[in-house]
Amino acid sequence: MKDMGPGRSAGFALETHPSQYRHWRLQVEPPLATLTLAVSEDSPVVLGYKLKLNSYDLGVDLELADAVTRLRFEHPEVRSVIITGGLDRVFCAGANIHMLATSAHAFKVNFCKFTNETRLAIEDACAHSGQHYIAACNGTTAGGGYELALACEEIYLVDDGNSAVSLPEVPLLGVLPGTGGLTRLVDKRKVRRDLADVFSTLAEGVKGKRAVEWRLVDGVLPRSRFQDGVRERARALAKNETKPTGPGIVLGPLAPEVTANAVRYRHVTLELKPEERTAELTVHAGADYSPLRAFREFDDALLRLRFNDDEIGLVILKTRGDLETVRRMDRELYDNCADWLANETLLLMARTLRRLDLTARSLFAVVDEGSCFAGSLLEIALAADRIYMLRDQKGSVRMASSPLNGGRLPMTHGPSRLQVRFLAEPARAEEIVNESQPFDTDAAEEAGLVTASVDEIDWEDGLRVAVEERASLSPDALTGMEANLRFAGAETQDSKVFGRLSAWQNWIFSRPNATGERGALTLYGKPERPRFNWRRT
């Protein structure tokens, strides 16, 4: 449990395990697995509301994210995953409205961002892991519940004359589907625009054959053969999957050491400086360095920053270790990418780096004595808004590329970070990937890999001034500026979702029509009608 108000507290417990699930049941029967949503309404992540009708909050989605990851690593033999509801005639009623209505603005936006990242992980598993997700909508499928179904490869709805799919956020709450529902509706399912307009303003939703005709679901089945019909389809998808697998591995607990202003993992350290509104996030690549473990820890640290430390405005990214250790591990992953475990490790690394790209914090990478920004760890620096590199007399401060910089760890909108960095000079990105020798400070500057190189005399003061200047600027303006600059180039469905989520949803959540004293979200479930300001802006 956690207070969602301002300031630090004990924080959300982000790690979980199937033995600790309160809201999901995971059943594995290779080649099938079933994830059943049976929300414990008296176990919200924060006191003050009940999770009725299989509605969800952050705790529910943390379990789902854990299950999706574990299925990929611990059960690669699973080829089809059925997601269904464990309540009678209810699949999922979506995000809990009372949770949203009583949460701080920042939490609402971060919650929507996390739920979308979880849905993206499902889509990633369908596309790259040979695990096909099917939504078995056994009853009411509303709002975020339908958005969960939209993340699956196929959607089947029970045809009982009552069950419908709906996105009622606009007519009932005055907000938008917060997990990319509108974008997935037209981009992914290719629902006709005018029909999508009607559907998204129809609070009661669409059911039966009309849901199939409008492309909202892939099929409807009578209740008498719903479960068997869905399993039959899941087996067909599993039978057609030929992606190689091997025996699964156990994802051990991260179990970091947490103190008032630091979180220490095996390979990652997060140090908080709340009085300066900054944090240092360091990856250590020592002799026991494991990319899978390190990036799992890095991902956990990013989520801790997002949900527990919202006043940290600038994250200073550092590395410590040996360049060649990182390059050697990268080469092994690259050369063995056809192996299922190497593939899953690379996919997890890519998802973690995309979470970094989407972090609403300023990011400065600091390349100094002892740094090992090489290959996959160089991607961390390339994700930063600025890169500062020490010019030392010994020439020992270096960075290096590896084959993984060539596109195996893509950004949300598809290209590599080097390609985005050198949009005007695409050949330069390829040259850097193919460079076998590390870059010292002069070479890195000449190659365009650093924002500034600073000599030893001015290093501490120069870095301090840059940090203080950044921390003094408006956080709202910086978040908008960074989101505009980080994703240069063409858009994809995924980048559209995040861009629209952070711009439109952020704005709508702060408007009185939704969250004011007489706003639709505030008054939901009460006898009063919302009062809108009718001006369009």
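A few remarks follow.
- Residue match in segment 74-88 (condition: hydrophobic (A, V, I, L, M, F, W, C) and assigned to a loop (DSSP other than H, G, I, E, B)): yes
- Some residue of segment 100-116 being charged (D, E, K, R) and within 27 Å of G174 (Cα to Cα): yes
- Counting only helices (runs of 4 or more DSSP H) that fall entirely inside segment 396-487 and contain at least 1 residues that are closer than 23 Å to A360 by Cβ, the qualifying elements are 417-421, 459-471, 475-486.
- Across segment 132-178, the number of residues qualifying as open to solvent by 30 Å² or more (accessible area, probe 1.4 Å) and either in contact with a Cys (Cβ under 9 Å, 6 or more places away or on another chain) or of a type outside the set (V, I, T) (or both) comes to 10.
- One residue stands out in segment 370-383 among those that are assigned to a loop (DSSP other than H, G, I, E, B) and open to solvent by 10 Å² or more (accessible area, probe 1.4 Å): the one that is farthest from L449 (Cα to Cα), namely G370.
- Top-ranked residue in segment 307-337 [being part of a strand (DSSP E or B) and basic (K, R); ranked as farthest from the chain's Cα centre (by Cα)]: R320
- The set of residues from segment 391-420 being open to solvent by less than 10 Å² (accessible area, probe 1.4 Å) and among the basic types (K, R) comprises just one member, R417.
- Among the residues of segment 344-362, those that are open to solvent by less than 20 Å² (accessible area, probe 1.4 Å) and either assigned to a helix (DSSP H, G or I) or hydrophobic (A, V, I, L, M, F, W, C) (or both) comprise E344, T345, L346, L348, M349, A350, T352, L353, L356, D357.
- Restricting E517, E446, E482, E528 to those that are open to solvent by 60 Å² or more (accessible area, probe 1.4 Å) and under 26 Å from R386 (Cβ atoms) reduces the list to E446.
- All told, A350 falls short of being within 22 Å of Y289 (Cβ to Cβ) and more than 21 Å from the chain's Cα centre (by Cα).
- Scanning segment 201-220 for residues that are crowded, with 20+ Cβ neighbours inside 10 Å and out of contact with any Phe, Trp or Tyr (no Cβ under 8 Å at 6 or more places or on another chain) turns up K207, A211.
- Some residue of segment 259-280 being open to solvent by 70 Å² or more (accessible area, probe 1.4 Å), modelled with pLDDT of 95 or more, within 28 Å of S362 (Cβ to Cβ) and touching a Phe, Trp or Tyr at 6+ places or on another chain (Cβ under 9 Å): no
- Flag for L237 being crowded, with 20+ Cβ neighbours inside 10 Å, over 30 Å from T325 (Cα atoms) and touching an Asp or Glu at 6+ places or on another chain (Cβ under 8 Å): yes
- Just so you know, in segment 46-103 the residues that are among the charged types (D, E, K, R) and within 21 Å of V28 (Cβ to Cβ) include one that is most open to solvent (accessible area, probe 1.4 Å), and it is E77.
- Here D66 fulfils each of the conditions (1) in a loop (DSSP other than H, G, I, E, B); (2) over 24 Å from S163 (Cα atoms) apart from (1).
- Residue within segment 158-177 that is in contact with a Phe, Trp or Tyr (Cβ under 9 Å, 6 or more places away or on another chain), among the β-branched types (V, I, T) and closer than 16 Å to W504 by Cβ present: yes
- Within segment 185-200, the residues that satisfy the criterion of being out of contact with any Pro (no Cβ under 9 Å at 6 or more places or on another chain) and open to solvent by less than 90 Å² (accessible area, probe 1.4 Å) are V186, D187, K188, R189, V191, D194, L195, A196, V198, F199.
- Residue count, segment 8-37 (criterion: at pLDDT below 95, of a type outside the set (K, R) and open to solvent by 30 Å² or more (accessible area, probe 1.4 Å)): 4
The values are calculated or read from the model by the stated rules, or taken from the named source; none is laboratory data. These numbers were taken from a predicted model, which means no experiment stands behind them. Every residue, glycine as well, gets a Cβ built from its backbone with ideal geometry; the counts of neighbours run over all protein chains shown. We work out accessible area using only protein heavy atoms, side chains counted, and drop any ligands, DNA or RNA first. Shrake-Rupley method; radii C 1.70, N 1.55, O 1.52, S 1.80 Å.
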